[in-house]
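Every read-out reported here was derived from the displayed coordinates using simple, explicitly stated rules and does not represent laboratory data. Just so it is clear, the structure is predicted and the values come from calculations on it, not from any experiment.
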Amino acid sequence: MNTEDVRGNSKHGPRLDDQLAREVEGQLKGGSGGGRADEWREPEPPADGEPEPGWIPAGHHGVDSGDDRDPDRREIRARIGGYLPRDVFPAGRAKLIAAARENRATDDVIDTLGGLAPNVTYPDARELWKALDLLSAR
């Protein structure tokens, strides 16, 4: 019998296989001790006066960074734009909503477009993003 049949892996030796298994044990078992099997691999706690580290980058998931390239704004533009064909412009609120409904837009997209001024025609997507406060800097 070869070693691959016993361990299922002929790339590493048994000692390295065991070490690699211990390193991912916390992730596989979902333990409350974090994702690191070895304590020395845990990130250091913040020093006095420093904020707690977080997993959400600034400008994401509801944190307004004020930057037009903000990931949330980019995602919203992409969602709305996905339901509007390019040839819909120039268009007003009613035409934009009709086009979005025709493309089976979600309720939140329809609600966002419903918040546009009723008697304004948007010549292109850039003007639409400007009216929705989603204008990209590019």
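Some points to look at:
- Potential extension, residue 20-residue 75 segment - 0.36 nm per residue separation minus Cα distance: 16.1 nm
- Annotation: amide H-H contacts under 5 Å for residue 92 (H modelled 1.01 Å from N, sequence separation of 5 or more, or interchain): 122.
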